[in-house]
Every structure is written in structure tokens, then in C-alpha cells.
Amino acid sequence: MQDLDECEDALIESVERQDWEVIKKCAMDLKNSSAVVFTGKGKENLPKDFVLIDTMFHYQALAVVEAAESREMVKLNIEYEKLRDTCDRCHEKYKTKDM
């Protein structure tokens, strides 16, 4: 998960600076990562809710990319908060549990 943490840190910094190109790159890096892969298990061996949250994470990362392309800060903040919510929901439920 270290790579995800680094991507998230870079995304936070780029949002604060309104660096639209870096926001898009970081969001795409997050979109192209997968918490499912980090578990070392196939989707069929994971809780369905975990897979659903992971899917929403990918969708929200793309929404952040689209918001950055529009260069609308309000839209970006909304989509970014939704992305963070997917992270928080998953971490609350699964981060310390052995799947």
C-alpha cells in the first residue's frame, strides 16, 4: 500500500497548488493501482464489499481526472472528497483485518 500512500500524498499537494496536470497524473496512478492486487488474492476470494469499494475507488479516481480536466476547483474538491471517502471506508473496515 506504500505506493498508494505516495500517490495520495502527491495528489493532496497538487490539489493544494491547483496543479492540474499533476492532479491528473496522480489520479490516474491511483486509478491504475489496485487494492485487490495488494491482497495477493483473487476477487472471488475477497469479501464482495471490499471488491465493490475497490471498484468505486477506481471510478472516483477517474472522476478526479475529469474534474482536473475541467479545471473547476469546486468540482475537483467534491470528487476528491468522494475518492477519499472510498479510502476511508475501506480502511475502517479492512485495513487491519486479514482477508
**Report entry** Length added when fully stretched, M28-S70, from 0.36 nm per residue minus Cα-Cα
**Finding:** 13.6 nm
**Report entry** Set of lysines near K95 by C-alpha distance (under 21 Å), chain-local residues within fewer than 8 positions excluded
**Finding:** K31, K41, K43, K48, K82
Report summary line: Going residue by residue through the range 43-49, the Karplus relation 6.51 cos²θ - 1.76 cosθ + 1.60 with θ = phi - 60° gives ³J(HN,Hα) values, rounded to whole Hz and with x marking Gly or Pro, of 4, 5, 9, 10, x, 4, 5
Query - Space enclosed by the convex hull of the alpha-carbon atoms of the chain, per residue, Å³ - result: 83
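Between N45 and K82, what's the calculated FRET efficiency when r is the beta-carbon distance and R0 is 30 Å? Round to 0.05.
That pair, N45 with K82, gives E of 0.65.
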**Report entry** Candidates per GluC sites (Glu not before Pro) in the range 17-74, loop by DSSP, up to 14 other Cβ within 10 Å
**Finding:** E72
Requested in this report: Return the calculated 222 nm mean residue ellipticity for the chain, to the nearest 500 deg cm²/dmol, obtained by summing -39500 (n - 2.57) across DSSP H runs with n ≥ 4 and dividing by the residue count.
Outcome: -26500 deg cm²/dmol
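Based on the Cβ-Cβ distance from Y59 to H91, what FRET efficiency comes out when R0 is 22 Å, to the nearest 0.05?
0.80
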Query raised in the report: Rounded if a/c is under 1.5, else prolate if a/b is larger than b/c, else oblate: which is the range 1-45, with a ≥ b ≥ c the root eigenvalues of its Cα gyration tensor?
Result: prolate
Requested in this report: For helix 73-94, report the angle its Cα long axis makes with the longest principal axis of the Cα atoms of the chain; keep it between 0 and 90° and round to the nearest 10°.
Outcome: 20
Query raised in the report: If one takes the longest principal axis of the Cα atoms in the chain, at what angle in degrees, from 0 to 90 and to the nearest 10, does the Cα axis of helix 2-17 lie?
Result: 20
Requested in this report: Give the angle, between 0 and 90 degrees and rounded to the nearest 10, that separates the Cα long axis of helix 20-32 from the longest principal axis of the Cα atoms of the chain.
Outcome: 10
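Any read-out appearing in this document is the output of simple, stated calculations on the displayed coordinates, not a laboratory observation. As the structure is a computational prediction, the values presented were derived from the model and not from experiment. Neighbour counts run over all protein chains shown; Cβ positions are idealised from the backbone, glycine included.
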